[in-house]
Amino acid sequence: MSIDKTEELVLNMGPQHPSMHGLFRMIVHLEGETVTEIEPKIGYLHRGIEKLAESRTYTQFIPYTDRLDYLASPHNNWAYVQTVEKLMGVEIPERAEYLRVIFGELARIASHQVMIASTALDIAGWTAWGYAFRDRERILDMYEMTAGSRLTVNCMRIGGMSAEPPAEFWPALESFLDDTPEMLEEYYGIFFGNEIAQGRLKNVGIMPKELAENLSITGPVLRASGVQYDVRKAYPYSIYDRFDFDVPVRYGCDSYDRTIIRMDEIKESVKIIRQAIRDIPEGPIMAKVPKVIKPPVGEVYHRVENPKGELGFYIVSDGSTKPARVRIRPGTFVNLQMLPIVAKGWKIQDVVAIFATLDAVLGEVDK
Amino acid sequence: MENKELLKQRVEELAGRVNGEVEEILGTLILKVQAPYVTETLTAVKSFDDVPCDFLHDLAGLDLVDHLEVVYQLTSLNGPQHLRVKAIVDRENPVVDSVTRIWQGADYLEREAYDMFGIQFKGHPNLKRIYMWDDFEGYPLRKDYETEPIEIRNLVRQRIDGE
């Protein structure tokens, strides 16, 4: 007996997603087990950070940026302070630039470890989660040594860094870098090489290159669709033009490539940090900036390569101590648009896998 | 540098056709047009010869008290060119063409600009609030939006605690 038509079922997922992405809710329309339509509902974590910025001074706003993508907070600080520096025309000391690169790349590694862990968790691989989180702790310890906090680091200031890393930071960093090849091998063995993981991710949720470009997708998700584009190479900011590294690119366009490309990126980040440790000069870590930050009238847009996508800041200054407008362009908010398009036609369990490979952090999506 | 000269030339040519103004702030070219010319401008910008700005990086609202603006940040995946296009929108009757037909990725960004500034994007397939709830009143990022004073918020909190 054949069934011509199954009754449509509307299923509500969330707002409590059973892993660490945050408060995300989607309404899934199903025909049997096949998805016919997805309506993502966001805003459960909306704090109005852009509005808050208008009533705070430029310096007071730095800690708020930590709360965007809280898994890679040094990167958000970096994007914001660099935008203000660009607006004011501040040159920062060499040592501070190198320290920023080291912290930024450490944040990228930590963020990608969480991504691998949470993807594993979303497709019910509990053990891999533990491995990645164990290693991420070592990066959080390094944050703690320098800035005193583990998640919302707030280690950058307009004009430089907040503090010099202590003496024990450097041996900890060296030993972490020495251990990374072994870590990656472990992740591969327990997660990527696993037959079930490959079955759940390979050839699932195909996003062709043209669709990705048209949807304004950025970051590793774009590079997994075969576009070799990285702001660090294409439009070098800070001192990225001094380092020798590759931009990993994968051509599978599926969930598996979107996940494993983070492994390649961790390798490149390790390369960059090693070169930074080799070249870092002695010297001050703060430029001479006025006590009261008062950028001239003007506007600036600056974007950086966040671990999850491109983060852009558009600041309009009216010449006072408070910005007239701070616009945040979060990478994952724009990337999230691919979910309803790509997940259509897949089974309900694949939707969870596709959403996981976007590596969305709702702190950033909801602002 | 050559790339930038070429882009400047193309933008100035286009500005003549769409009644736009060209200026440069901190190394970025800015093209200001009136709202009715948006679709024409952006279609032309997307297919510039040699220097196409074909990647919509960001779309945001901006409140300048006497009028609103929609700011498009355009780049390309194949070159260093970048351009900022601004559409001047009337504050009382903020209507502008949607660019979702040119870039599908403008969908959420336009919904956000509608949510925060009340800008109506004509031709958008699903123009609903995205962050705030559906029956929320007002547009929070407009300069005349009044935030709740902290005294009132504390009063509400006391009343709840007291019960």
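Values quoted throughout were computed directly from the atomic coordinates according to the rules given, and no laboratory measurement underlies them. Computed from a predicted structure; not experimentally measured. Here the Cβ positions follow ideal geometry from the backbone for every residue, glycine too, while neighbour counts run over all protein chains shown.
For the residues of B:26-32, the average number of beta carbons from a partner chain within 10 Å of their own beta carbon is 2. Applying the criteria of a DSSP loop state and at most 12 other Cβ atoms within 10 Å to the GluC sites (Glu not before Pro) of the range A:282-338 yields A:Glu282. Prolate is the label for chain B. Its Cα gyration tensor axes, ordered a ≥ b ≥ c, give a/c of at least 1.5 and a/b above b/c. Overall shape: rounded for the protein assembly as shown, with the ratio a/c of the largest to smallest alpha carbon gyration tensor axis below 1.5.
Seen from B:Thr75, the other residues with C-beta closer than 9 Å to its C-beta sum to a net charge of 0, counting Lys and Arg as +1 and Asp and Glu as -1.
Averaged over the residues of peptide A:141-147, the number of Cβ atoms from other protein chains lying within 10 Å of each residue's Cβ is 0.
Here the spin labels are modelled as points 7 Å beyond Cα on the Cα-Cβ line, and at B:Glu12 and A:Gln349 they lie 6.3 nm apart.
Take the Cα of B:Lys122, step 7 Å along the line toward its Cβ, and report every residue of the range B:29-68 whose backbone nitrogen sits under 13 Å from that point. Residues passing the 13 Å test: B:35-40. Taking θ as phi - 60°, what are the ³J(HN,Hα) couplings along the range A:50-64 by the Karplus curve (6.51, -1.76, 1.60), each to the nearest whole Hz, with x for Gly and Pro? Calculated HN-Hα couplings, in order: 5, 6, 4, 4, 6, 10, 10, 6, 4, 6, 4, 7, 4, x, 5 Hz. In a simple Cβ point-charge model (Lys, Arg +1; Asp, Glu -1; nothing else charged), the range A:8-366 has a dipole of about 1080 debye relative to its Cα centre. Each residue of the range B:104-110 is assigned a 3J(HN,Hα), and the resulting list reads 4, x, 6, 3, 5, 5, 6 Hz, derived from the Karplus form 6.51 cos²θ - 1.76 cosθ + 1.60 (θ = phi - 60°), x at Gly and Pro.
Ordering A:Leu140, A:Leu201 by the number of other Cβ atoms within 10 Å of each residue's own Cβ, fewest first, gives A:Leu140, A:Leu201. Determine which residues of the range A:231-256 fall in the zone a paramagnetic label at A:Ala287 would reach in this model, i.e. backbone nitrogen under 15 Å from the point 7 Å along Cα→Cβ. Label zone hits: A:237-240.
Of B:Cys53, A:Cys155, how do they rank once you tally other Cβ atoms within 10 Å and put the fewest first?
The order, fewest Cβ neighbours first, is A:Cys155, B:Cys53.
Per-residue packing, averaged as other Cβ atoms within 10 Å, sorts the ranges B:107-119, A:223-235 into the order B:107-119, A:223-235, beginning with the highest. Run the paramagnetic zone check for B:Asp66: 7 angstrom along Cα to Cβ, then residues of the range A:289-313 with backbone nitrogen under 20 Å. Within reach of a label on B:Asp66, which here means backbone N under 20 Å from a point 7 Å along Cα→Cβ, the range A:289-313 contributes A:297-299. The modelled label-to-label distance between A:Arg278 and A:Lys41, using points 7 Å beyond Cα along the C-beta direction, is 5.4 nm. Checked against a 24 Å cut-off, the cross-linked pairs B:Lys46/B:Lys128; A:Lys288/B:Lys86; A:Lys202/A:Lys267 give Cα-Cα distances beyond that limit for B:Lys46/B:Lys128; A:Lys288/B:Lys86. From least to most packed, judged by other beta carbons within 10 angstrom and beginning with the fewest, A:Trp170, A:Trp126 follow the order A:Trp126, A:Trp170.
Other residues within the sphere of radius under 10 Å centred on the Cβ of B:Asp115, judged by their own Cβ, net out at +1 (K and R +1, D and E -1).
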